[in-house]
Structures are given as structure tokens and as C-alpha cells.
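One structure below.
The values are calculated or read from the model by the stated rules, or taken from the named source; none is laboratory data. Bear in mind the structure is a predicted one, so any value in this text is a computation, not a measurement. Virtual Cβ from ideal backbone geometry, glycine too; neighbours counted across all protein chains shown.
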Amino acid sequence: MMQGIEHIDEIFRLLKKELEQYRLPIVSRAEGKEIIHTPFTTLISCILSLRTKDEVTELASIRLLKKYNTPEKLIQLPEEKIQSLIYPVGFYKTKAKRIKEISKTILDDYSGEVPKNFDEILKLKGVGRKTANIVMVYGHKEQGFIPIDVHCHRIPNRLGWVKTENPEQTENALKKILPEKYWGDFNHLFVLFGKTICVPVSPFCSRCPIQQHCKQIAVTKNR
């Protein structure tokens, strides 16, 4: 059994207090005025977000999903129309094709509903562990999952919580040491933290709310 994380309650309390001033990415919001929040819209927004800035993802998601928010509606759209709605997200042509394919698969194989099973979501073309975890946590509101992106992988290593080589290793390691009550908050807190304070290069340690709990592993320069 791996050892737990010291001062974990204080760490999460401090992070929540510090990060409440920032806007959550659209994929991890509990609700939104612009689009209906469903497992399907969460899935599509997450696909749009890959290698794309949050503000670009949000606007593209709204343009596409405000009107076309089900696989039945999206499957009717020409691929070129989807491209025009989601541009300028990264790889917008590939993503438009993928969205059509996923919509068809959900209609053909899952009766028009995003499966409520992690392994089944992984079967959708182009969907990896991070996206599947996000759909389970923020789309289906299921517990027992931890979405891990580059920030969620980098920061626990920097803190000294884990010593891992890739996001999947980090996901498995965190499940052994992070209290399950924090799994649902972990992704959006650490993504915001990684984009605003604990950035990849020269992090802002001088204004970090949890500096006293950080081992600063591999940090050679900070601000």
C-alpha cells in the first residue's frame, strides 16, 4: 500500500480558494448557459479541445453545439459545415470527420446515447483515456475516475506525490494515494493550476498557495 499524501485536505482547500477567480474550461463545467450539458456535448467539446486553447474551444463548442447538440442532429450536417463551425480549432478537418464518425457509432451501436461505461467510450474512434475519463466525470457525473492531462501528470510529479513517466502511470498511482473524495475535483483544479501558476517552465512559486507543501522536483528556475 502506497503512503498517502500529507496535508491533502489543506492543499485542496488552498487550491480551491486561489483558483475560484479563474474560469473553468467548458468541458469541466457543471452547467452552461450557452449549450445543454450532456455526456454527448461533453464528449464533443473534449474532442474539440485537444491541442486547442480553452477560449477557442469554448467558442467553437458554442457555435457547433448550441444548435446541433445530439448525434442525430450532427450526423445530418455535411462535414464541411462542421469544419466551418469549429474553425479555428487545431486539426479542425480531422476533428470534423471524427465527430461525424463518433455520432454515427453512437447512433448505430449505442441507441444514440454515449455509453456509461469507460471501456465502451474508449472504443469510440480517436477517444483516449483522458477524454473517456472526462466524459465519465463531467458528462455522466460518475465517481471513480481521474482525467489526466499534461498538467495533471506534471504537477503531482513536481509536488513529489508520484514518480511516473506518463499520464496513465500517473492516473494509476494517484488512485492509490489520493482520497477518492478529491477525484472529481482533481482534473479541473490542476488544469487551472497548471495554466496559471504551476506552469511548465519557470513556475510562479512566489505566489503559489501550496508552495510549503511542494518538493519542487525538477524545478530549476522559478518566479
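A compact table of results
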item: Any hit, the range 91-98, residues being closer than 26 Å to residue 188 by Cα, at pLDDT 95 or above and surrounded by 22 or more Cβ atoms within 10 Å (Cβ to Cβ); result: yes
item: Close pairs from the range 51-72: first farther than 17 Å from residue 84 by Cβ, partner surrounded by fewer than 17 Cβ atoms within 10 Å (Cβ to Cβ), Cβ under 6 Å, at least 6 apart; result: 51/90; 69/36; 71/107; 71/112
item: Pair list, Cβ under 9 Å, 6 or more apart: the range 198-216 residue among the charged types (D, E, K, R), other residue exposed (fewer than 13 other Cβ atoms within 10 Å of the Cβ); result: 207/223
item: Residue check, residue 121 among the β-branched types (Val, Ile, Thr), part of a loop (DSSP other than H, G, I, E, B), touching a Ser or Thr at 6+ places or on another chain (Cβ under 8 Å) and modelled with pLDDT of 95 or more; result: no
item: Residue match in the range 109-129 (condition: basic (Lys, Arg), in the same structural domain as residue 47 (by TED's automatic domain parsing) and closer than 30 Å to residue 208 by Cα); result: yes
item: Single unsatisfied condition, residue 137 versus (1) among the hydrophobic types (A, V, I, L, M, F, W, C); (2) in a loop (DSSP other than H, G, I, E, B); (3) closer than 15 Å to residue 25 by Cα; (4) touching a Pro at 6+ places or on another chain (Cβ under 7 Å); result: (2)
